[in-house]
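The values are calculated or read from the model by the stated rules, or taken from the named source; none is laboratory data. Computed from a predicted structure; not experimentally measured. Don't worry about glycine lacking a Cβ; one is built from the backbone with ideal geometry, like all the others, and counts go over all protein chains shown.
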Amino acid sequence: MAKTSVASIALTFLRIFISIFLVAITQEERSIYLVLLEGDALAFHQASRDQASSTIDYNSEASKTHVNHLLTSHDLLLQSTLEIGSYNKLHSYKHIINGFAVHTTPSQAARLKGRPGVKLVEKDKGAKLMTTYTPEFLSLPKGVWAQEGGDRNAGDGVVIGFVDSGINPFHPSFSYDPLHPFTSILSCFEGACETGPFFPPGSCNGKIVAARYFSIGAQATVTLNASKDFLSPFDADGHGSHVASIAAGNAGVPVVVNGFSYGLASGMAPRARIAVYKAVYPSVGTLADVIAAIDQAVLDGVDILSLSVGPNEPANDTLTFLNMFDISLLFARKAGVFVVQAAGNKGPASSSVVSFSPWSMGVAASTTDRKYAASLLLRNGSILNGVGLSGPTFGNGKVFQKLVLAKDAVKINGTSPRTPEYIEECQHPEALDPNIVLGNIIICTFSAGFYNGTSTLAGIIGTSMALRWEGFILVANPSYGDYIAEPIPFTVSGILIPRVDDAKVILQYYEEQTKRDKNGTATEFGAMAAVGEGRVASFTGRAPVVSRFSSRGPDITDINKNPVDVLKPDILAPGHQIWAAWSPISASEPMLKGHSFALLSGTSMSTPHVAGIAALIKQHNPSWTPSMIASAISTTSSKYDNLGEHIMAEGFEANSLIPSTPFDYGAGFVKPNCAIDPGLVLSSEHEDFISFLCSLSNIDRDAIMAATGEQCNNPLAYPFGLNLPSVTISALRGSVSTRRTFMSVGNKTETYLGNVIPPNGTIVNLYPTSFTISPLGSQDLEIQFSVIQPMKNYSFGEIVLIGNLNHIVRITLSVLPVSM
């Protein structure tokens, strides 16, 4: 097929738009409509397939005939349906879908809808570059932000504290605009600005209102590296800057990496103020420094504490709730600070959460519907999808380049070891013959070095640049199975092919086109390929999906993983492939060195989303306590994705999706626009948490006294009696009752009707089944659980309270029915 140049496409579009503006065919305003038709596109047209390879031969006569048929059918449909001069066909889609884009009026588009063979007519809503995309995905611009005066006011008056690796004060996400000063006075906050290397006076500029560093623990543990472990609040790593900008970065900051624009970044609460407490260094991080930072942050008066750092596993000798870290969080909560904590990155293993306590909100991570899909085109017509934020190979990915397998380019008389990292993983340029690889696309293989972490993509890119390859492919290895590929900006053209099946297609084609001598040495390379553009996002597909790495419940009391009656994680938020601010030093990620933005995944990324959302709720409801904020976030969340189906989760196997449970996503996916007006909230204060601790089985009350300074005077009947916005029972025997107490935060009297979806194996009754509650009024709800069939595993349900003023309050139920 003939290739159309970028210049000719631009000229065609220019002519179309000039004609549109100069000629008024109709009084109606024209729009672009996307039309999907019945009939196979070329990629799925059986007659165009090469019978030997089962791939599409785009140059075959059958393919050309089919393409012409599709083009003609599109034109005939338009000519026979729409008025002459009322439309312009912009595109014909013929390779993977059969359809076209037409610029016409609504009345003309309506004519197309009723025609035979037309499957769908959809108005083009526009494609715009934007990131962090999550404000849009969470519907903030037209929701909470609009209510608070737009992105130039959202979060104003609220201080978020970040205990992390510091901050890059020179980043535009944290700049201060003197033409748009903050209007609020932080009467309850008083922080200090410490200076030092890369953190001069003036770094606390009004957006950043405090910056401190804590290094004593780090210095006691290792000898700090002066080239990266800066004794100042400056972020040499990048992680702290990334986290802070997700929660509270300025709105509308251009994201440019390797000269390519990925859109505009914004924090969840772009006018919230930032207080920085550096406690983790590139060389080391200690809980001693972290707890000191938490302590200082609470003292300074932060409203919200965002913790994307913390212990990575339970303590050996104490309850999960009674370790120093969790106790420090208990007292932060007692001081009125809303604590948001990463659930951990040890998923999808069961009971892998590291956010244990009911007084902090543990955040799981999900995907969004933004995807970066790269593609590899083989000259035989095969198109393979992959991953890689890189530009295309020569000719905008339309000019084929020679393929060379790294093994076939190893120097014949070279002295390099014959180990995978030298012969197939492309880690060492000296091992390869420069005359063979120059200007070609090299196939590297995911082998032992990548599996055990000693080989890196940075190694491939370094080799590629040293030997001047046109591009690279990192293919999966059948010996190791599919691998997990995340989009990373490449300075050279490249693509990751993480599926073994796709790798086999590439290698089979390569072998068919490669000539070898009797010894198996490659003598002629005939395989050709092109790497396509991998930096343009699409916004399609199922979302949210619980990310594979996101740690799972159920919650545990100790290192032996004994279960406890607390739902963890608490909530699900975006944490997969998140663009945010970075530090160009990038001490821990060499591939991101020199970059001001990074695309990262982890519960470290989901946590500041919730911190920023909490700031918006706090701004809207300044008198609310942390437990009220936590309740509002939980009871208004959703268990359904953008397809209207129950949220799915990534499993152990690459590319696998499995049904999720509250132990994957907590109460559900966060819905900030609902959380600012939840109707009802549930509160648990410090004394309630002490009563909860005292109700745990086999508890050492002296340990509670030692950790909290509180006596066990009023233990709960059961741990699940804590007034949380969920009920979790790890061993239900017979029948038991518990209570939840609600307070109305609505402006009007409202009547609620209770509904129950009982967990399998149980009957759940509510008393009362309906109630009327006045503003600031209180209502107890008795919940009776009865086992009707013992189960081997937890089962799940929910209580749904539906108000006549459109408030909906959801209480998640997680129960293991043990005996009747």
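Observations on the structure shown:
- Verdict on residue 200 being in contact with a Ser or Thr (Cβ under 6 Å, 6 or more places away or on another chain) and modelled with pLDDT of 95 or more: no
- Evaluation of residue 558 against (1) buried (at least 24 other Cβ atoms within 10 Å of the Cβ); (2) at pLDDT below 90 (one fails), failing number: (1)
- Just one of (1) over 31 Å from the mean Cα position of the chain (by Cα); (2) basic (Lys, Arg); (3) assigned to a strand (DSSP E or B) fails for residue 748. It is (3).
- Filtering 550, 634 for residues that are under 30 Å from residue 188 (Cβ atoms) and not aliphatic (A, V, I, L, M) leaves a single hit, 634.
- Residue 485 meets the stated requirement of being part of a loop (DSSP other than H, G, I, E, B), in contact (Cβ under 8 Å) with a residue 40 or more places away in the chain and not charged (D, E, K, R).
- Residues satisfying the stated conditions in segment 369-385, i.e. buried (at least 24 other Cβ atoms within 10 Å of the Cβ) and within 21 Å of the chain's Cα centre (by Cα): 370, 374
Every residue, every condition in (1) within 30 Å of residue 321 (Cβ to Cβ); (2) of a type in the set (S, T, N, Q); (3) in contact (Cβ under 8 Å) with a residue 24 or more places away in the chain, yes or no:
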{"site": "537", "(1), (2), (3)": "no, no, yes"}
{"site": "546", "(1), (2), (3)": "yes, no, yes"}
{"site": "552", "(1), (2), (3)": "yes, no, yes"}
{"site": "556", "(1), (2), (3)": "yes, no, yes"}
{"site": "559", "(1), (2), (3)": "yes, no, yes"}
{"site": "562", "(1), (2), (3)": "yes, yes, no"}
{"site": "565", "(1), (2), (3)": "yes, no, yes"}
{"site": "576", "(1), (2), (3)": "yes, no, yes"}
{"site": "585", "(1), (2), (3)": "no, no, yes"}
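- Selected residue (criterion: surrounded by the most Cβ atoms within 10 Å (Cβ to Cβ)) from residues of segment 232-276 that are at negative phi, polar (S, T, N, Q) and not in a helix (DSSP H, G or I): 266
- When 309, 255, 339, 284 are checked against the criterion of being in contact with a strand residue (DSSP E or B) (Cβ under 6 Å, 6 or more places away or on another chain), touching a residue at least 24 places away in the same chain (Cβ under 8 Å) and over 23 Å from residue 629 (Cβ atoms), 255 stands alone in meeting it.
- Selection status of residue 717, assigned to a loop (DSSP other than H, G, I, E, B) and either outside the structural domain of residue 792 (by TED's automatic domain parsing) or at pLDDT 95 or above (or both): yes
- If only residues of segment 311-353 that are surrounded by 24 or more Cβ atoms within 10 Å (Cβ to Cβ) and assigned to a loop (DSSP other than H, G, I, E, B) are counted, the one that is farthest from the chain's Cα centre (by Cα) is 319.
- Residue satisfying all of: in segment 442-473; within 16 Å of residue 404 (Cα to Cα) and among the small types (Gly, Ala, Ser); surrounded by the fewest Cβ atoms within 10 Å (Cβ to Cβ) among these: 464
- Strands (runs of 3 or more DSSP E) wholly inside segment 768-820 that include at least 3 residues being of a type in the set (A, V, I, L, M, F, W, C) and at pLDDT 95 or above: 778-787, 795-803, 808-819
- Enumeration of residues in segment 297-327 that are farther than 29 Å from residue 691 by Cβ and of a type outside the set (Val, Ile, Thr): 300, 308, 312
- Filtered residue count, segment 453-482, keeping only those that are closer than 20 Å to residue 408 by Cα and assigned to a loop (DSSP other than H, G, I, E, B): 7
- Any chance residue 420 is in contact with a strand residue (DSSP E or B) (Cβ under 9 Å, 6 or more places away or on another chain) and over 30 Å from residue 60 (Cα atoms): yes
- Given (1) out of contact with any Phe, Trp or Tyr (no Cβ under 6 Å at 6 or more places or on another chain); (2) crowded, with 18+ Cβ neighbours inside 10 Å, index of the condition residue 802 fails: (2)
- Long-range neighbours under 7 Å by Cβ, at least six apart or interchain, first residue in the same structural domain as residue 105 (by TED's automatic domain parsing) within segment 75-92, second surrounded by fewer than 18 Cβ atoms within 10 Å (Cβ to Cβ) and of a type in the set (Ser, Thr, Tyr): 86/26
- Conditions (1) more than 23 Å from residue 557 (Cβ to Cβ); (2) of a type in the set (A, V, I, L, M); (3) under 38 Å from the mean Cα position of the chain (by Cα): number failed by residue 788: (3)
- Test: residue in segment 215-231 that is out of contact with any Gly (no Cβ under 9 Å at 6 or more places or on another chain), part of a loop (DSSP other than H, G, I, E, B) and of a type in the set (Phe, Trp, Tyr): no
- Matching option when the condition is under 26 Å from the mean Cα position of the chain (by Cα) and surrounded by fewer than 19 Cβ atoms within 10 Å (Cβ to Cβ), among 532, 481, 494, 520: 481
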